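The values are calculated or read from the model by the stated rules, or taken from the named source; none is laboratory data. What you are looking at is a predicted structure, and each value in this text was computed from that prediction instead of being measured. So basically every Cβ, Gly included, is an ideal-geometry build from the backbone, and we count neighbours across all protein chains shown. Side chains included, ligands, DNA and RNA excluded: accessible areas come from the protein's heavy atoms. Shrake-Rupley method; radii C 1.70, N 1.55, O 1.52, S 1.80 Å.
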Amino acid sequence: MMIHFAKLASSVALASAMMILSGAALAADPIKIGVSGPFTGGSSSMGVSMRDGVRLATDEINKAGGVLGRQLQLIERDDEAKNERGVQIAQELINKEKVAATVGFINTGVALASQRFYQEAKIPVMNNVATGSLITHQFDDQPENYIFRNSAHDSIQAPMIVEEAIVRRGFKKVAILADSTNYGQLGREDLEKALTLKGVKPVAVEKFNIKDVDMTAQLLKAKAAGAEAILTYAIGPELAQIANGMTKLGWKVPMVGSWTLSMANFIDNAGPGGEGARMPQTFIQEPTTPKRQSFIISYLKTFKPKDNRIDSPVSAAQGYDSIYLLAAAMKQAGATDGPKIKAALEELKAPVDGVVTTYNKPFTAKDHDAITANIPVFGEVKGQRVVYAYPDDQKKASEVRVKDVNAKGALTIKK
């Protein structure tokens, strides 16, 4: 009888030990985070910079012990800036990889096509680069919204562009050149709305396609209409063709456009023709705070970009911050399931010290955009780099601009 009980006790102890080991193994499983963006093609300056920023933050978090005692594991996919590819990736990351959340989306069209699958699956998405105003409002008609963003949306950028061109620089005749993508056309609509609020009508509104290499026809129309400046909404390679087209025509007027004028493949391909282009920026590659200095040093040391210039500094910084925001939400929630991460993001209790800003209550249930109109500044292409366009912004760069829901300057977002 004693032997029987001893065996029984031994079996119970073994079973308990196995359960403990099983639980420990389960707890040690990595937390999968999807990373979706264009790592090849014309948008790759943004995509690769974003991905590298995400990798840098993830490595730092993992070295510090991870999240909830688990390591973060990035599941990276190249969406090639194609809507249909983005849709395929979303389904794969949700159904096969079982990601807890996804960061990325560079292109507005890809975001709008893909994020509905995450919404249906109740998996949070942190858009860290795409700026289409509609992105965080795509599901306003639904009781819950799983789409967040920490980039400056176009309803912030368009009025900044117009303010720069019409008010600060006094141009009375402006032309708009925008690409035919969702990004370009939604941005063009925002520009026209912002111009209307200033009582200005563009003298020419021209469209072009991705991979177009000759902008002569569009530029000739703008020139004939007397345009004193070109306002742009497009991606780097095509923006370079605008600058090169003006050089070819011997006609040079300022380019003022969305943040993509800061991309390496615009700056490098436009050469001298790109000098002086101005654009809104949430981050300029200068060590203006200890956090930014640390980020820049780590990025350059880890990824060794050409000439120590990050291809797309904005994308890298926002990618980096997006991971820290998600990690903070998971820690606060004490869980990695979508509804709990979403709820934590909407009520983050502790500030998150980011590169772009300090995120102090960046989201609410009704507001999923972390960036407000007071945060971006104007950058300018100078000497093949982006620098502060205005000395006052440079002088105050060490003062971190934080979210202000009452900041003036943004358009009413289309819903």
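Quick check: anything in segment 274-282 in a helix (DSSP H, G or I), over 17 Å from the mean Cα position of the chain (by Cα) and modelled with pLDDT of 95 or more?
Within segment 274-282, one or more residues are in a helix (DSSP H, G or I), over 17 Å from the mean Cα position of the chain (by Cα) and modelled with pLDDT of 95 or more.
Check segment 340-360 and report whether any residue there is at positive phi, of a type outside the set (V, I, T) and within 21 Å of the chain's Cα centre (by Cα).
Checking segment 340-360: not a single residue is at positive phi, of a type outside the set (V, I, T) and within 21 Å of the chain's Cα centre (by Cα).
From the residues in segment 227-259 that are open to solvent by 10 Å² or more (accessible area, probe 1.4 Å), assigned to a helix (DSSP H, G or I) and not charged (D, E, K, R), which one is farthest from H153 (Cα to Cα)?
If we take residues in segment 227-259 being open to solvent by 10 Å² or more (accessible area, probe 1.4 Å), assigned to a helix (DSSP H, G or I) and not charged (D, E, K, R), then L249 is farthest from H153 (Cα to Cα).
Which one is nearest to P362 (Cα to Cα), of the residues in segment 310-331 that are among the charged types (D, E, K, R) and outside any loop (DSSP other than H, G, I, E, B)? First the steps, then the outcome.
Restricting attention to segment 310-331, the residues satisfying the condition of being among the charged types (D, E, K, R) are 311, 321, 331.
Filter once more, so that each one left must be outside any loop (DSSP other than H, G, I, E, B): 321, 331.
Details: D321: 12, K331: 16 Å.
Residue satisfying both the conditions and the ranking: D321.
Take segment 172-184 and flag every residue that is in a loop (DSSP other than H, G, I, E, B) and either open to solvent by less than 10 Å² (accessible area, probe 1.4 Å) or without any contact (Cβ under 8 Å) to a residue 60 or more places away in the chain (or both).
K172, K173, S180
Read through the list (1) farther than 9 Å from G34 by Cα; (2) open to solvent by 40 Å² or more (accessible area, probe 1.4 Å), then give the number of the only condition that N107 fails.
(2)
Select from segment 192-226 the residues that are assigned to a strand (DSSP E or B) and not acidic (D, E) and list them in ascending order. Step through it out loud before you land on a result.
So in segment 192-226, the residues assigned to a strand (DSSP E or B) come out as 204-208.
Answer for segment 192-226, where residues must be assigned to a strand (DSSP E or B) and not acidic (D, E): A204, V205, K207, F208.
Look at segment 49-68 and say how many of its residues are open to solvent by 40 Å² or more (accessible area, probe 1.4 Å), of a type in the set (A, V, I, L, M, F, W, C) and either under 16 Å from D29 (Cα atoms) or touching an Asp or Glu at 6+ places or on another chain (Cβ under 8 Å) (or both).
Adding up the residues that qualify gives 1.
Out of segment 346-356, which residues are open to solvent by 70 Å² or more (accessible area, probe 1.4 Å) and not in a loop (DSSP other than H, G, I, E, B)?
Matches in segment 346-356: D353 only.
Suppose the filter is touching a residue at least 40 places away in the same chain (Cβ under 8 Å), in contact with an Asp or Glu (Cβ under 6 Å, 6 or more places away or on another chain) and within 18 Å of A317 (Cβ to Cβ); does V377 pass it?
yes
Can you confirm whether Y299 is touching a helix residue (DSSP H, G or I) at 6+ places or on another chain (Cβ under 7 Å), surrounded by fewer than 20 Cβ atoms within 10 Å (Cβ to Cβ), within 23 Å of I375 (Cα to Cα) and touching a residue at least 40 places away in the same chain (Cβ under 8 Å)?
Considered against the rule, which asks whether it is touching a helix residue (DSSP H, G or I) at 6+ places or on another chain (Cβ under 7 Å), surrounded by fewer than 20 Cβ atoms within 10 Å (Cβ to Cβ), within 23 Å of I375 (Cα to Cα) and touching a residue at least 40 places away in the same chain (Cβ under 8 Å), Y299 comes out as no.
Conditions first: (1) closer than 30 Å to L239 by Cα; (2) surrounded by fewer than 19 Cβ atoms within 10 Å (Cβ to Cβ); (3) in contact (Cβ under 8 Å) with a residue 12 or more places away in the chain. N308 passes all but one, so which condition is the exception?
Of the numbered conditions (1) closer than 30 Å to L239 by Cα; (2) surrounded by fewer than 19 Cβ atoms within 10 Å (Cβ to Cβ); (3) in contact (Cβ under 8 Å) with a residue 12 or more places away in the chain, the odd one out for N308 is (3).
Matching residues to (1) without any contact (Cβ under 8 Å) to a residue 40 or more places away in the chain; (2) open to solvent by 40 Å² or more (accessible area, probe 1.4 Å); (3) part of a loop (DSSP other than H, G, I, E, B); (4) touching a strand residue (DSSP E or B) at 6+ places or on another chain (Cβ under 6 Å):
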position: V129; (1), (2), (3), (4): no, no, yes, no
position: T136; (1), (2), (3), (4): no, no, no, yes
position: I156; (1), (2), (3), (4): no, no, no, no
position: E164; (1), (2), (3), (4): no, no, no, yes
position: V167; (1), (2), (3), (4): yes, yes, no, no
position: L186; (1), (2), (3), (4): no, no, no, no
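Would you confirm whether or not segment 256-272 contains a residue that is under 17 Å from A175 (Cα atoms) and touching a Phe, Trp or Tyr at 6+ places or on another chain (Cβ under 7 Å)?
Going through segment 256-272, the residues under 17 Å from A175 (Cα atoms) turn out to be 256-258, 261.
With the extra rule that they be touching a Phe, Trp or Tyr at 6+ places or on another chain (Cβ under 7 Å), the set shrinks to 257-258.
The answer is yes, given that some residue of segment 256-272 is under 17 Å from A175 (Cα atoms) and touching a Phe, Trp or Tyr at 6+ places or on another chain (Cβ under 7 Å).
Do you know which residues across segment 209-226 are closer than 17 Å to G184 by Cα and open to solvent by 30 Å² or more (accessible area, probe 1.4 Å)?
Within segment 209-226, N209, I210, K211, D212, V213 qualify.
Tally up the residues in segment 374-404 that are of a type in the set (A, V, I, L, M, F, W, C), under 29 Å from D268 (Cα atoms) and not in a strand (DSSP E or B), please.
3
Restricting attention to segment 227-274, report how many residues are of a type in the set (D, E) and under 23 Å from Y183 (Cα atoms).
Of the residues in segment 227-274, 2 are of a type in the set (D, E) and under 23 Å from Y183 (Cα atoms).
The conditions are (1) touching a Pro at 6+ places or on another chain (Cβ under 7 Å); (2) part of a helix (DSSP H, G or I), and D307 fails exactly one of them. Which is it?
(1)
When you check Y359 against the structure, is it open to solvent by 50 Å² or more (accessible area, probe 1.4 Å), in contact (Cβ under 8 Å) with a residue 40 or more places away in the chain and in contact with a strand residue (DSSP E or B) (Cβ under 6 Å, 6 or more places away or on another chain), yes or no? Before the answer, list the steps.
Working: open to solvent by 50 Å² or more (accessible area, probe 1.4 Å): no; in contact (Cβ under 8 Å) with a residue 40 or more places away in the chain: yes; in contact with a strand residue (DSSP E or B) (Cβ under 6 Å, 6 or more places away or on another chain): yes.
When the stated conditions are applied, Y359 does not pass them.
List the number of the failed condition for V314; all other conditions in (1) of a type outside the set (G, A, S); (2) buried (at least 24 other Cβ atoms within 10 Å of the Cβ); (3) under 22 Å from N145 (Cβ atoms) hold.
Only one criterion is unmet by V314, namely (3).
Here are the criteria: (1) modelled with pLDDT of 95 or more; (2) closer than 26 Å to N107 by Cβ; (3) open to solvent by 30 Å² or more (accessible area, probe 1.4 Å); (4) not charged (D, E, K, R). Tell me which single one G41 does not satisfy.
For G41, the failing item is (1).
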